[in-house]
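Inspection log for the structure reproduced underneath, given as structure tokens.
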Amino acid sequence: MYLTYEEYQNMGGTLEEATFNDLAYEAQTYIDWVTFRRLQEEGSEIPDAVKQCMYHIIRLIANKLAALQSNPNGLEAHNESGAGIQSQSNDGVSISYNTLSAKDLIATMNEEIDDTINRYLQGIRNNLGKRLLYRGLYPGE
């Protein structure tokens, strides 16, 4: 595993160990998919950027699951001010709120996970010198 439970706690993580293990496996699977499993060539030394990336992906997955469990059919999406108001009229006093379907929430969270991976792993190489996010194939792959 790229991030241990102890490392996760030291970074400020608050999940229980069983929940962490499930989400860490999911996060690691996502990273392996994007990096063509190049980190599995690492041996025992995992770069700190990968550990930070794992921590943030676990947080995103936990938030996604919490949001889906609280309201699976329609989720309120808040703008920067936190109001979540999409439109408002004055005289007839009607207010429309932004909502996200579960499908839209999942798509948004997956985009955030992709952005997190790109932000943390851009330019990072494994022990063999292979760039983790390189989309081509190295000789022998």
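The numbers here are math on the coordinates, done by the rules we state, and not lab data. All figures in this text were calculated on a predicted structure; none of them were measured in a lab. Quick reminder, even Gly has a Cβ in these numbers, built from the backbone with ideal geometry, and neighbours come from all protein chains shown.
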Mind giving me the FRET efficiency for D114 and E45? R0 is 22 Å, r the Cβ-Cβ distance, nearest 0.05 is fine. 0.30
Among Q9, V34, L68, the residue whose Cα sits farthest towards the positive end of the charge dipole of the stretch 1-70 (+1 at Cβ of Lys and Arg, -1 at Cβ of Asp and Glu, taken about the Cα centre) is L68
Taking a ≥ b ≥ c as the square roots of the eigenvalues of the Cα gyration tensor of the stretch 1-61, is the shape rounded (a/c under 1.5), prolate (a/b larger than b/c) or oblate? prolate
Centre separation in Å (Cα based) which lies between the stretch 111-137 and the stretch 4-57: 14 Å
In nanometres, what is the gap between the two model label sites at V93 and Y134, each 7 Å from Cα along Cα-to-Cβ? 6.5 nm
In whole Hz and in residue order, list the ³J(HN,Hα) couplings for the stretch 45-62 that follow from phi through the Karplus curve 6.51 cos²θ - 1.76 cosθ + 1.60, θ = phi - 60°; x for Gly and Pro. 9, 9, x, 4, 4, 5, 5, 5, 4, 4, 4, 6, 5, 4, 4, 5, 5, 4
Most to least packed among 103-111, 120-128 [average Cβ atoms within 10 Å]: 120-128, 103-111
Can you work out ³J(HN,Hα) from phi for every residue in the stretch 127-136, in order, using Karplus 6.51 cos²θ - 1.76 cosθ + 1.60 and θ = phi - 60°, giving whole Hz and x for Gly and Pro? 4, 8, x, 7, 5, 5, 9, 5, 8, x
Find how much the distance from R125 to E17 grows on full extension, using 0.36 nm per residue of separation minus their present alpha carbon separation; answer in nm with one decimal. 36.0 nm
How high is the FRET efficiency between D32 and I106 when r is their beta carbon distance and R₀ equals 30 Å, given to the nearest 0.05? 0.90
